[in-house]
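So the structure is just underneath, and the comments pick up after that.
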Amino acid sequence: EFEDVCEQTGVTLSRYCIELANRGIIDEDLSSIFNSIREAAKVISKLVNTAPLKQAELLGLQGEINVQGEDQKKLDVITNDVFKNALRYTGKMGTLASEEEDEPVDGARLWEGPDGESSEVIPVLSEEFADTGKYICVFDPLDGSSNVDAGIPVGTIFGVFQEPDPAECELPDDLSKGLSEDQQRCLAGTLQPGKSLVAAGYVLYSASTELVLTFGQGVVGFTLDSSIGEFVMTRPSIKIPARGKIYSCNQGNINEWDQPMRDYIEAIRKGEGESKKPYSLRYIGSMVGDIHRTLLYGGIFAYPADKKNQDGKLRLLYEGAPMSFIMEQAGGKAITGHSRVLDIPPVGVHQRVPVILGSAEDVDEQGPETAPESG
Ligand code: P6P
């Protein structure tokens, strides 16, 4: 009868989580975490939608540079605080990792990632929070934020892991060097492959505010009804079409891609691919918007490796893996160009990954994945 619940009109995200908890599909802690994500999403939606009205306060640069070396926009910082605090005060988090965090917070530890970029994990296991601390959330609070001044859709991306058993918290020597046991546990819990995610989702701030999530039981979509301040279920079971006719990538980089990628894009845009129909290009340069359209309409989204960026541009932990989990749960596929994104064991919080995802037949046409990576 759970499907019946989902088919009912007006089921809110709160009700949905209660129904899942009543069936033991999620526990109370995860339900509580999603309550806080829901509240944070409403606040961020308001901030993004009213930003142009509060130019001085919300738009433009913060004047800081984040751990990615990118100019931090005011909204990046504000939305990061909103999401981080919403999660911390649930008392259910063991660790948080964010694209935007570059300063030690609550005794956070900074690790030099393998590519020399400093990265950190924010343990919130402190006396300040009565917490069970068994969940880890990785998130990008405002992906595509460089578009926000132009009113182009932006989004929040998040993934939730469960802390592994201490015995499984074995980090490679080069990662555990100089770390305390607690730090090793936090880092090991954070650097998990996407296939270990227990939940993932995104919030799209656009003409409407859409929250799409999966707990590994399919993909469900909610739309924010501002008149009641609730996310209402609008897509009970999202399934991506087996094949689409849209490709989504920054074609400006085509000369940097490897030959198979160039050949594939040239073929499908000319109608010389398997479907024999020419594909259209749709690309807004904002991952959440491009992937949401791909999920609903089908086709393929790609930010592949290129000559300058061997690992592409997108981040594995809090962009590639959560989006790949959602895509596979909706019947789609997600590969790096030669392996399944969800199989990749991260070696750094801000590690990049090439991403080619979307309709199964389109992804298979681009390049069938080889054997999954070990680990
Ligand atoms: P490019 C936004 O900056 C972002 O991280 C993603 O949201 C988006 O898919 C990608 O970068 C766009 O990158 O190089 O095409 O501008």
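I need every pair where a residue in segment 237-258 that is closer than 21 Å to Lys276 by Cα and assigned to a loop (DSSP other than H, G, I, E, B) has its Cβ under 7 Å from the Cβ of a residue that is among the charged types (D, E, K, R) and more than 15 Å from the ligand (Cβ to nearest atom), sequence separation at least 6 or different chains.
As it stands, the answer is Ala242/Glu361; Arg243/Glu361; Arg243/Asp362; Gly244/Asp362; Lys245/Lys277, since those pairs meet every condition given.
Considering only residues that are under 22 Å from Thr156 (Cβ atoms) and of a type in the set (A, V, I, L, M, F, W, C), which ones fall in segment 320-343?
Correct list: Ala321, Met323, Phe325, Ile326, Met327, Ala330, Ala334, Val341, Leu342.
Of everything in segment 224-236 that's over 29 Å from Ser275 (Cβ atoms) and of a type outside the set (S, T, N, Q), which residue is least open to solvent (accessible area, probe 1.4 Å)?
Filtering first and then ranking leaves Phe231.
For segment 142-163, which positions are within 13 Å of the ligand (Cβ to nearest atom) and at positive phi?
If the condition is that a residue be within 13 Å of the ligand (Cβ to nearest atom) and at positive phi, then Gly144 is the only one that fits.
Given the conditions (1) without any contact (Cβ under 8 Å) to a residue 40 or more places away in the chain; (2) within 16 Å of the ligand (Cβ to nearest atom), which single one is not true for Pro166?
Answer for Pro166: the failing condition is (2).
From Val349, Val288, which residue is part of a loop (DSSP other than H, G, I, E, B) and within 22 Å of Ala199 (Cα to Cα)?
Numbers: Val288 fails: part of a loop (DSSP other than H, G, I, E, B).
Exactly one residue qualifies, and that residue is Val349.
With segment 1-97 as the region, which helices (runs of 4 or more DSSP H) entirely inside it contain at least 2 residues that are crowded, with 16+ Cβ neighbours inside 10 Å and at pLDDT 75 or above? Break it down into steps so the answer makes sense when it comes.
Values: elements: 2-7, 13-22, 28-50, 55-58, 74-88.
Result: 13-22, 28-50, 74-88.
Residues of segment 337-352 being buried (at least 24 other Cβ atoms within 10 Å of the Cβ) and at pLDDT 95 or above, which ones?
Hit for segment 337-352 is Val341, nothing else.
Do you know which residues across segment 271-311 are modelled with pLDDT under 95 and within 12 Å of the ligand (Cβ to nearest atom)?
The answer is Asp306, Lys308, Asn309.
The values are calculated or read from the model by the stated rules, or taken from the named source; none is laboratory data. Given the structure is predicted, the values throughout are model-derived calculations rather than measurements. Glycine also receives a Cβ, built like all others from the backbone with ideal geometry; neighbour counts cover every protein chain displayed. Each accessible area value is taken on the protein alone, full model and side chains, heavy atoms only, with ligands, DNA and RNA left out. Shrake-Rupley method; radii C 1.70, N 1.55, O 1.52, S 1.80 Å.
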